[in-house]
Amino acid sequence: MSTESSNKICVLIGASHAGVNFAFALRKEGWEGDIILFDRDPEFPYHRPPLSKAYLTSEVGTQQDLLFPKQNYETDKITLKLGKTISSINRKEKSVTVSDGSVQKYDKLVLTTGARPFIPPIKGLNSAKNVFAMRTAEDALNIRKSLNKDHNKVVIIGGGYIGLETAASLSKLGASVTVLEREERVLSRVTAPEMSIYFKELHQQHGVSVLSNKNVTSVDFNSYINEIQCDDGSSYKADIIIVGVGIKVNTELAEEAGLEIENGIKVDANCKTNDPNIYALGDCTFHYNPHYKKYIRLESVQNAVDQAKIAAKTICGEAVAYDSIPWFWSDQYDVKLQMVGLSQGYNQTIKRIETDRDNCQSVWYFKDDELLAVDAINNAKAYMLGTRFIQKNQKIDKNKLSDISIAITPTSFI
């Protein structure tokens with residue numbers, strides 16, 4: 001990077017995985033100017049995935065899971081401005097206004113604003129007691145504080161990954177947990193029916209009630225307890241309600257600044273918006289994936305980190321472009337689910353249950369002869385080989401894949 005960058009300022013909005021990883025990557029790539037990172041959360045930047053897992057079941061809190069040690073920010077001269085909200089972006093003046101009225105100039109601006117929980121317009125939900133989402137460390141702390149032996153009835157609205165992970169954690173803490181899913185099965189938007197059945201049974205084995213086709217219409221608070229009503233006439237009592245029905249992307253700042261919005265902040269292969277001085281990374285972006293040949297928006301730590309590296313290299317003058325296969329994971333009880341690829345559009349699945357290990361299986365998603373994705377339960381080998389096959393557009397012999405007497409190896413199914 002040219003020494004002329006020593007007088008330049010890069011401002012980031014959002015101390016997320018994307019924002020923090022970008023800040024350190026930018027310094028590593030040779031940016032010599034100021035790096036200033038704003039975030040409304042007063043907590044030192046921490047890993048988000050453990051919120052629904054370790055943070056709920058641990059007394060330690062976020063200090064055990066910081067994204068980077070505090071001294072690293074000093075060493076790399078990254079300025080953190082925590083508990084600060086940005087109220088507007090002035091593209092003409094190349095500045096941002098903080099909610100306290102102060103103004104910060106920038107040469108490059110990076111938006112890592114992420115998303116926030118979507119709270120559905122359920123009648124009475126706003127006046128119910130002990131209602132929480134699961135997005136920040138404060139959320140996890142408040143849920144844990146509200147739970148005790150006399151107030152342990154928990155209803156989770158939403159059977160997605162966050163809802164199920166939270167259910168597993170609270171079950172471990174002795175809570176009586178009910179999951180209400182509006183669709184006909186849990187995880188219906190992201191997995192095949194086989195996986196939905198597996199995780200429903202897994203939770204039932206641990207005492208969690210998982211109910212489908214439950215559309216919540218209202219919540220009443222009476223006699224010190226919430227009563228949740230569904231449109232089929234059923235009702236459920238809850239000391240604590242956790243809402244996990246999805247997210248709303250934080251695009252308001254970008255939209256007010258005139259940036260292009262389409263299912264998120266639209267960016268090119270370098271994570272650049274329609275303003276050459278403004279980049280966007282992570283959950284808030286709508287970006288092109290060359291492998292799947294379409295624009296997508298991902299809620300994924302992997303995507304956030306990959307985009308952070310691409311943007312940092314681009315700003316520092318290296319010609320690179322985003323080209324990653326998405327991957328995700330979920331931990332529930334003693335089960336580790338690893339997912340690679342995007343299964344949308346599949347028209348065939350092949351399920352393998354390995355006989356050499358307990359509770360080890362995988363579901364392979366195909367569109368005709370193309371392998372789109374793999375979901376692997378306690379099966380790192382299937383996950384790793386699935387990743388390799390997808391990256392190489394490898395044609396798979398489905399008959400061999402279906403034969404569980406054939407062990408998974410790099411050449412087993414070719």
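The values are calculated or read from the model by the stated rules, or taken from the named source; none is laboratory data. The structure displayed is predicted, hence computed values, not measured ones. FYI the Cβ positions are ideal-geometry reconstructions off the backbone, even for glycines, and counts take in every protein chain you see. For the accessible areas, the whole protein counts, side chains as well, though only heavy atoms, and no ligand, DNA or RNA atoms are used. Shrake-Rupley method; radii C 1.70, N 1.55, O 1.52, S 1.80 Å.
Looking at segment 27-47, is at least one residue closer than 24 Å to D268 by Cβ, of a type in the set (D, E, K, R), open to solvent by 60 Å² or more (accessible area, probe 1.4 Å) and modelled with pLDDT of 95 or more? Yes, segment 27-47 contains at least one residue that is closer than 24 Å to D268 by Cβ, of a type in the set (D, E, K, R), open to solvent by 60 Å² or more (accessible area, probe 1.4 Å) and modelled with pLDDT of 95 or more.
State whether the residues of segment 143-151 include one that is at pLDDT 95 or above and either within 23 Å of the chain's Cα centre (by Cα) or not polar (S, T, N, Q) (or both). No, that holds for no residue. Is it true that D232 is of a type in the set (D, E) and either in contact (Cβ under 8 Å) with a residue 40 or more places away in the chain or part of a strand (DSSP E or B) (or both)? For D232, the condition - of a type in the set (D, E) and either in contact (Cβ under 8 Å) with a residue 40 or more places away in the chain or part of a strand (DSSP E or B) (or both) - is not met.
Within segment 269-299, the residues that satisfy the criterion of being surrounded by 18 or more Cβ atoms within 10 Å (Cβ to Cβ), hydrophobic (A, V, I, L, M, F, W, C) and over 15 Å from H17 (Cβ atoms) are I278, F286.
If the condition is being in contact with a strand residue (DSSP E or B) (Cβ under 6 Å, 6 or more places away or on another chain) and either over 24 Å from E165 (Cα atoms) or of a type in the set (V, I, T) (or both), then segment 201-225 contributes V208, V210, V216, T217, S218, V219, D220, I225.
Among the residues of segment 188-232, those identified as over 18 Å from P120 (Cα atoms), open to solvent by 20 Å² or more (accessible area, probe 1.4 Å) and among the hydroxyl-bearing types (S, T, Y) are S188, Y198, S209, S223, Y224. For L164, the conditions (1) at pLDDT 95 or above; (2) over 19 Å from the mean Cα position of the chain (by Cα); (3) surrounded by 19 or more Cβ atoms within 10 Å (Cβ to Cβ); (4) not in a strand (DSSP E or B) are fulfilled apart from (2).
For segment 357-384, name all the residues that are open to solvent by 10 Å² or more (accessible area, probe 1.4 Å) and under 12 Å from I408 (Cα atoms). Selection gives Q361, A380, K381, Y383, M384.
Return a yes/no flag: does segment 60-71 have any residue that is modelled with pLDDT of 90 or more, in contact with a strand residue (DSSP E or B) (Cβ under 7 Å, 6 or more places away or on another chain), outside any loop (DSSP other than H, G, I, E, B) and open to solvent by less than 40 Å² (accessible area, probe 1.4 Å). Within segment 60-71, none of the residues are modelled with pLDDT of 90 or more, in contact with a strand residue (DSSP E or B) (Cβ under 7 Å, 6 or more places away or on another chain), outside any loop (DSSP other than H, G, I, E, B) and open to solvent by less than 40 Å² (accessible area, probe 1.4 Å).
The residue pairs whose first member lies in segment 168-186 and is at pLDDT 95 or above, whose second member is open to solvent by 30 Å² or more (accessible area, probe 1.4 Å) and not in a loop (DSSP other than H, G, I, E, B), and whose beta carbons are closer than 6 Å, counting only pairs six or more residues apart or on different chains, are S176/K153; T178/S209; T178/Y236; L180/L211; V186/K200.
Screening I353 with (1) among the aliphatic types (A, V, I, L, M); (2) open to solvent by 30 Å² or more (accessible area, probe 1.4 Å); (3) under 30 Å from D107 (Cα atoms) gives one miss only, at (3).
Considered as a group, the residues in segment 233-268 that are closer than 19 Å to V305 by Cβ and out of contact with any Gly (no Cβ under 9 Å at 6 or more places or on another chain) include one that is most open to solvent (accessible area, probe 1.4 Å), and that residue is D268. Pairs are defined by a Cβ separation below 9 Å, a sequence spacing of at least 6 or placement on different chains, a first member in segment 145-163 that is at positive phi, and a second member that is open to solvent by 70 Å² or more (accessible area, probe 1.4 Å) and of a type outside the set (A, V, I, L, M, F, W, C); the pairs so defined are G158/R182. If you go through segment 92-126 and pick out every residue that is part of a loop (DSSP other than H, G, I, E, B), open to solvent by 50 Å² or more (accessible area, probe 1.4 Å), touching a strand residue (DSSP E or B) at 6+ places or on another chain (Cβ under 7 Å) and modelled with pLDDT of 95 or more, you end up with 1.
Looking only at residues of segment 329-344 that are open to solvent by less than 20 Å² (accessible area, probe 1.4 Å) and more than 16 Å from the chain's Cα centre (by Cα), we find that the one that is farthest from L202 (Cα to Cα) is S343. Take the conditions (1) in contact (Cβ under 8 Å) with a residue 24 or more places away in the chain; (2) farther than 16 Å from S412 by Cα; I353 misses just one of them, which is (2).
Determine whether segment 301-312 contains at least one residue that is part of a strand (DSSP E or B) and surrounded by 18 or more Cβ atoms within 10 Å (Cβ to Cβ). Checking segment 301-312: not a single residue is part of a strand (DSSP E or B) and surrounded by 18 or more Cβ atoms within 10 Å (Cβ to Cβ).
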